[in-house]
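Each remark here refers to the structure printed beneath this line.
Since every read-out is calculated from the coordinates, none of them should be taken as a lab result. Computed from a prediction, not measured in an experiment: that's the story for all the values here. As a convention, Cβ positions derive from the backbone with ideal geometry for all residues, glycine included, and neighbour counts pool all protein chains shown.
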Amino acid sequence: MIKDADGKVVWDLGAYAFLEEDDAPASVHPSLWRLAQLNVEHGLFQACERIYQIRGFDIANMTIIEGNTGIIVVDTLSSAETARAGIDLYFQQRGKRPIVAVVYTHTHADHWAGIGGIVEEADVTAGRVQVVAPDKFLDFAVSENVIAGNAMARRAQYQFGLRLPKGVRGQVDAALGKTIARGTVTLFPPNDLIRQTGERRVIDGVEIVFQMAPNSEAPAEFHLYFPALRALNIAENATHLFHNLLPFRGAEVRDALAWSKYLNEAIELFVGKTDVLMAQHHWPIWGSDRIRDYLTKQRDLYKYVHDQTLRLINHGFTAPEIAEQLKLPESLAKEWFNRDYYGTVRHNAKAIYQKYLGWYDSNPAHLDPLPPAQAAKKYLEYMGGAEAIIRRAREDFRQGHYRWVAEIMNRVVFAEPQNREARTLAADALEQLGYLSEAATWRNSYLCAAFELRNGVPPPRSLTPPGLNALRALTIDMVFDFFGVRLNGPKAEGKKIAINWNFSDTNQQYVLNLDNSALTHVANKQLATADATLTLTRATLDSILMRKTTFPEAVQKGLVKIDGQPMKLLELFGLMENFNPMFEIVTPKGG
Ligand SMILES: [Zn+2]
């Protein structure tokens, strides 16, 4: 159990003690039970001479390489608290050594957000700690989670089962690890970017060769090869499962073809001279033959699903039709490490369809259908009302047609959100689907939906999203883009407001312009006719973004100087909305 400074639990493997049972209970897919047991293994593991891994202290791994005088840490988990606990375990076992470098393998927060727990920001800024990352790291590390951040955070609860009780009828696993740690999010920008495959660094006597893998599992990602140690770190591009081409939290769709090609390249570049393969989730593999077999079958998994989806697309099949018929060949399907634990063949095929053709299946009956609640009312009307539907759905439930019962009861719930019987039958069907799922992501989603149908949407844990500390890594461009997303367009109708922004510490000037209910900005410009001119520091803007202070408070304290009409500024901020972090998903909004 890992706690934060206030004694709040951020990580608790004790909650998974129920996994000690050898046999899977009827409510968990046996294959998922196996993975859930493997993911509860935790501690400090040696991969080879000089390389260690902290596993089970968070969803991801921390890899530690021993240099001549200190250590290199690859990835820093998802919170300062878990990273601290991990590095303390290492120090306890191997002796305290200085951290000379940190490597971020890619842009997902479970690989960088803990850095504040193990190194000082000043040491990074001054270059005393080298922080190595793939090109464009900062562009994607936070931006991916900002513009659509509120929706993503809510949807992530379904993907990981974050608010579900843990247990044989609840959350058992998150596929890449147990779950995501809570705790303090930190982000220190890298001071050493890698841009090309084949680039090398020698850090504290350890030689590292990098292989770039952009637009694979993450928009910016690389693999690390250690020639002297005959070790390959494949980041998150080959873990012991079929990964997601489109995570349930929502993201830009990933490129299966590119992914497969990077694995192919890794095989060609490194496998003949590699004795141990590790990743930033799960456990390593040893032995050249096993490594080749594993990487080859992972490569072919992505290639097969990509190519066969496109074959079926070109025969005119739509996404659900492809998902229903696409099956892996036995040589791929029989490997545990290719199983549908996180991504699945069924939903990854839909992701590939989306990547090439988008959401529209070209059938105009689907071009402009009624939205869910309106369509639901018509379904009920045509089918003789809720009672008649529920009666027939119960029969289908008895016969195990859970997919259909979930589908039709969702219509009833959207037409009559207060209908207890409908909600319960919908929840029953979703639970059965969850218990049947080999994929942790599917199970978590089904069970979260069932939980909320039975109990309603839980209240938000806190109004301050936990990732706010990372917002200061955003460029001003990204901040203004996000302001645009928060603008209530209809309320802004007919208003024209122009504000000059003047950042005194970074020497940046911007014009932020509201016109036609759209917010746009121009850099390196000040408008003589602006309604107001603001002078402030980037640090003040960060405090406001991180909700440590408010705009009016900062003005009062003299941290923001306003020339011109302060009312115009207030008017603009009055048009910006905050988002409900716990919006409805399986019931109509406000239902
Ligand atoms: Zn990860």
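Give me the net charge of residue 178's neighbourhood, meaning all other residues with Cβ under 13 Å from the Cβ of residue 178; Lys, Arg count +1, Asp, Glu -1. Don't skip to the end; give the middle numbers.
Working: positive: 55, 166, 182; negative: 12, 41, 58, 110, 173.
Taking every other residue near residue 178 into account, the sum is -2.
Computed over the Cα atoms, what is the radius of gyration of segment 26-167 divided by 2.2 N^0.38 Å, N being its residue count? Intermediate results must be reported in sequence, preceding the final value.
Values: Rg = 16.9 Å, N = 142, 2.2 N^0.38 = 14.5 Å.
For segment 26-167, the normalised Cα radius of gyration comes out at 1.17.
What's the percent breakdown of Cα-Cα distances in segment 97-223 across 10 Å bins, shortest bin first?
Result, from short to long distances: 11, 36, 33, 16, 4, 0 percent.
5 Å is the cut-off here: which amide hydrogens, built 1.01 Å from N in the peptide plane, fall below it relative to residue 10, excluding neighbours closer than 5 in sequence?
The answer is 2, 3, 4.
Out of all Cα-Cα pairs in segment 142-196, roughly what percent, to the nearest whole number, are more than 12 Å apart? Before the final figure, lay out each step's value.
Numbers: 1126 of 1485 pairs.
Value for segment 142-196: 76 percent of Cα pairs lie more than 12 Å apart.
For the chain, what does the relative contact order come out to in percent, with C-alpha contacts under 8 Å and a separation of six or more?
Details: 1152 pairs, mean separation 72.0, N = 591.
Averaging sequence separation for qualifying contacts and normalising by length gives 12 percent for the chain.
With each label point set 7 Å from Cα along the Cα-Cβ vector, what nm distance links residue 121 and residue 506?
Here the modelled spin labels are 1.3 nm apart.
Consider all pairwise Cα distances in segment 11-62 and report the whole-number % of them above 16 Å. If you can, show how the numbers build up before the last one.
Working: 648 of 1326 pairs.
Counting pairs separated by more than 16 Å, the tail of P(r) holds 49 percent.
Per 20 Å bin, what is the whole-percent P(r) computed from every C-alpha pair distance within the chain?
Taking every Cα pair in the chain, the percentages come to 18, 49, 30, 3.
Return the aspartates and glutamates within reach of residue 261: Cα separation strictly under 17 angstrom, same-chain partners fewer than 8 residues apart disregarded; answer none if there are no such residues.
Counting by Cα, and skipping residues close in sequence, residue 261 has these aspartates and glutamates nearby: 217, 221, 236, 293, 300, 307.
Each residue of segment 367-377 in turn: what ³J(HN,Hα) in whole Hz from Karplus with 6.51, -1.76, 1.60 and θ = phi - 60°, glycine and Pro shown as x?
6, 9, x, 4, x, x, 5, 5, 4, 4, 4
Which peptide among 158-168, 439-449, 339-349 comes first, and what is the full order, when sorted by highest mean count of other Cβ atoms within 10 Å?
439-449, 339-349, 158-168
Under a cut-off of 23 Å between alpha-carbon atoms, report the lysines in cross-link reach of residue 96, not counting same-chain residues fewer than 8 places apart.
The reachable lysines, counting only those whose Cα sits under 23 Å from residue 96, are 3.
Using Cα-only point scatterers and the Debye equation, what is log10 of I(q)/I(0) for segment 246-389 at each q in 0.20 Å⁻¹, rounded to two decimals?
-1.24
List residues of segment 46-90, by number, whose backbone nitrogen lies under 18 Å from a label position 7 Å along Cα→C-beta of residue 128.
So the set is 69-73.
To the nearest whole percent, what portion of all C-alpha pairs in segment 201-260 is separated by more than 16 angstrom?
51
Using only helices, what value at 222 nm comes out for the chain when you add -39,500 (n - 2.57) per DSSP H run of length 4 or more and divide by the total residues, to the nearest 500 deg cm²/dmol?
On the way: 19 runs with 220 residues, N = 591.
Rounded to the nearest 500, it is -11500 deg cm²/dmol.
Can you give me the Cα centroid spacing of segment 207-232 and segment 496-530 in angstrom?
About 41 Å separates the Cα centre of segment 207-232 from the one of segment 496-530.
Averaged over all directions, how much area does the convex hull of the C-alpha atoms of segment 471-591 cover when projected, in nm²? Display every interim value, and only then the final one.
Numbers: hull surface 34.6 nm².
Approximately 8.6 nm², given one-decimal rounding.
Quick check on the chain: of the DSSP beta bridges with both residues there, what percent are antiparallel, nearest 5%?
70
Which parts of segment 84-121 would a label at residue 69 reach, counting a residue when its backbone N lies under 17 Å from a point 7 Å out along Cα-to-Cβ?
96-102
Please give, to one decimal in nm, the separation of the simple spin-label points placed at residue 366 and residue 382, each 7 Å out from Cα toward the Cβ.
The answer from the label model is 1.6 nm.
Taking H as built 1.01 Å from N, whose amide H comes closer than 5 Å to the amide H of residue 525, not counting residues under 5 places away?
Under 5 Å from the amide H of residue 525 lie the amide H atoms of 509, 510, 511, each far enough along the sequence or on another chain.
For residue 418 and residue 321, calculate 0.36 nm times their separation in residues minus their Cα-Cα distance, and state this gained length in nm to one decimal.
Answer, rounded to one decimal: 31.6 nm.
Scaled to the compact-protein estimate 2.2 N^0.38 Å, what is the alpha-carbon radius of gyration of segment 313-393, rounded to two decimal places?
Normalised Rg, Cα atoms only: 1.53.
Ordered by residue, what ³J(HN,Hα) values in Hz, to whole numbers, does segment 517-531 give under the Karplus form 6.51 cos²θ - 1.76 cosθ + 1.60, where θ = phi - 60° and Gly and Pro are x?
6, 10, 9, 10, 9, 10, 7, 6, 8, 10, 9, 5, 8, 4, 6
In square nanometres, what is one fourth of the surface area of the convex hull spanned by the alpha carbons of segment 1-107? Please list the in-between numbers first.
Numbers: hull surface 34.2 nm².
If you wrap the Cα atoms of segment 1-107 in a convex hull and average its projections, you get 8.5 nm².
Can you report the principal axis dimensions of segment 391-452 using only the alpha carbons, biggest first, rounded to whole angstrom?
30, 25, 13
Ordered by residue, what ³J(HN,Hα) values in Hz, to whole numbers, does segment 473-483 give under the Karplus form 6.51 cos²θ - 1.76 cosθ + 1.60, where θ = phi - 60° and Gly and Pro are x?
These are the phi-based 3J(HN,Hα) values: 7, 5, 6, 4, 3, 5, 4, 5, 4, 5, 4 Hz.
How big is the dipole moment of segment 444-591 about its Cα centre under a simple scheme where the beta carbon of each Lys and Arg is +1, that of each Asp and Glu is -1, and everything else is neutral? Debye, nearest 20, please.
The dipole magnitude comes to about 240 debye.
How much length, in nm to one decimal, is gained on full extension between residue 168 and residue 196, taken as 0.36 nm per residue of separation minus their Cα-Cα distance? If you can, show how the numbers build up before the last one.
Details: separation 28, 0.36 × 28 = 10.08 nm, distance 4.62 nm.
Result for the pair: 5.5 nm of gain on full extension.
If you place +1 on the Cβ of every Lys and Arg and -1 on the Cβ of every Asp and Glu, how big does the dipole about the Cα centre of segment 56-124 come out, in debye to the nearest 20?
Value, rounded to 20: 260 debye.
Of the DSSP beta bridges with both residues in segment 1-130, give the percent that are antiparallel, rounding to the nearest 5.
Percentage antiparallel, nearest 5: 75.
Is the shape of segment 425-506 rounded, prolate or oblate, going by the alpha carbon gyration tensor and its root eigenvalues a ≥ b ≥ c, with a/c under 1.5 for rounded and a/b larger than b/c for prolate?
Prolate shape, in that a/c is at least 1.5 and a/b is the bigger ratio.
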